[in-house]
Amino acid sequence: IIGGENSLRGGWPWPASGRLRGSQADGRLVCGATLISSCWILTYIGLYKVRVGDYHSLVPEEYEEEYGVEKIVLHPRYRADSNDYDLALVRVSGHRAHRGVTGHCVTLSRSVLPACMPMRRERVPKGIANCYITGWGDTGRAYSRTLQQASISMLSKRQCEQRYSDQFTSRMLCAGSSHDNHRVDSCRGDSGGPLVCERPSGSWVVYGVTSWGHACRLQDAPGVYTKVSAFVPWIRKVIGK
Ligand code: 4AZ
């Protein structure tokens, strides 16, 4: 996240970090992800293990738990040569590193909770929307060690198309800050993480998954997010409710 600020430790219960697994670079943070149920995580490409309740990316902390990946479901229409349909569902394995609890997958708590899903075709509420992106990605100098947050404004479809023409599809949202003196954006390493907005009722909904953009924090190049509300039937079919 560029132009953001440290989040509160334990303050965002649904972001998770995507980690590599294997002998080389084991545990290295590669992307963001969002908990949408106790067993399922929304992200972008395949990842290997996930850490929920994560805040400092290197230091083990109170709320965090690491889980393996049982299943990765890429959207069937995703193609590597385009950013369309950039969405994946990851089923977390029920085996926690030490305690080995099966069945429930992730143990939920006040600091580890799923975000709400939007309704099918639901639009981001206009005007009142309080929207944030979060992630451990590039801050302009390096990846962040602590979870960053930034308040962000949703742009209209017309503004997004003006910038990205036909690369911008109906499966995407774009967002940026409208004030040029303080531009914020997502960047490398934030992909797969959440764009959440607060509904008037106070619930937080994952409307977007950080996906792509032309560079980071460039004027007239807003970040592009996969539009979760366009995938609700597919998500329900895969996760089974
Ligand atoms: C990336 O490379 C990436 N500014 C993520 C977000 C944006 C650009 C690039 C949006 O993962």
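Annotation: ALA88 fulfils all but one of (1) more than 16 Å from the ligand (Cβ to nearest atom); (2) modelled with pLDDT of 95 or more; (3) surrounded by 13 or more Cβ atoms within 10 Å (Cβ to Cβ); the unmet one is (1). Figure legend. Inter-residue proximity from segment 1-17: first residues closer than 21 Å to HIS182 by Cα and among the hydroxyl-bearing types (Ser, Thr, Tyr), second residues outside any loop (DSSP other than H, G, I, E, B) and away from the ligand (no atom under 16 Å from the Cβ), beta-carbon distance below 9 Å, spacing 6+ or different chains. Indicated pairs: SER7/THR146.
Conditions tested, residue by residue: (1) assigned to a loop (DSSP other than H, G, I, E, B); (2) within 21 Å of VAL52 (Cα to Cα); (3) of a type outside the set (Gly, Ala, Ser).
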position: THR107; (1), (2), (3): yes, yes, yes
position: LYS126; (1), (2), (3): yes, no, yes
position: THR134; (1), (2), (3): no, yes, yes
position: GLY140; (1), (2), (3): yes, no, no
position: SER170; (1), (2), (3): yes, no, no
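Out of everything in segment 142-168 that is charged (D, E, K, R) and either away from the ligand (no atom under 13 Å from the Cβ) or in a strand (DSSP E or B) (or both), what residue ends up being nearest to the chain's Cα centre (by Cα)? Applying the filter and picking the extreme gives ARG145. TYR44 satisfies every condition listed in (1) surrounded by 21 or more Cβ atoms within 10 Å (Cβ to Cβ); (2) more than 16 Å from the ligand (Cβ to nearest atom) except (2).
Inspection of segment 184-202 identifies no residue that is among the hydroxyl-bearing types (Ser, Thr, Tyr), away from the ligand (no atom under 11 Å from the Cβ) and at pLDDT 95 or above. Of the residues that sit in segment 10-34 and are polar (S, T, N, Q) and assigned to a strand (DSSP E or B), which one is nearest to TYR67 (Cα to Cα)? So, considering only residues that are polar (S, T, N, Q) and assigned to a strand (DSSP E or B), the one nearest to TYR67 (Cα to Cα) is SER17. When the residues of segment 170-179 are filtered to those that are without any contact (Cβ under 8 Å) to a residue 60 or more places away in the chain and within 16 Å of the ligand (Cβ to nearest atom), the one that is surrounded by the fewest Cβ atoms within 10 Å (Cβ to Cβ) is SER178.
Inspect all residues belonging to segment 28-36 and state whether any of them is over 14 Å from the mean Cα position of the chain (by Cα) and touching a residue at least 12 places away in the same chain (Cβ under 8 Å). Checked segment 28-36: no residue is over 14 Å from the mean Cα position of the chain (by Cα) and touching a residue at least 12 places away in the same chain (Cβ under 8 Å). Confirm whether ALA230 is within 12 Å of the ligand (Cβ to nearest atom), touching a residue at least 12 places away in the same chain (Cβ under 8 Å) and not in a loop (DSSP other than H, G, I, E, B). No; evaluated as a whole, the condition is false for this residue. Put simply, of ARG171, ARG145, ARG188 the only residue that is touching a helix residue (DSSP H, G or I) at 6+ places or on another chain (Cβ under 8 Å) and basic (Lys, Arg) is ARG171. Does GLY202 qualify as being out of contact with any Lys or Arg (no Cβ under 9 Å at 6 or more places or on another chain), without any contact (Cβ under 8 Å) to a residue 60 or more places away in the chain and in a loop (DSSP other than H, G, I, E, B)? The answer is yes for GLY202.
The values are calculated or read from the model by the stated rules, or taken from the named source; none is laboratory data. Being a predicted model, the structure only gives us computed values, none of them experimental. Positions of Cβ are generated from backbone atoms using ideal geometry, with glycine treated the same way; all protein chains shown enter the neighbour counts.
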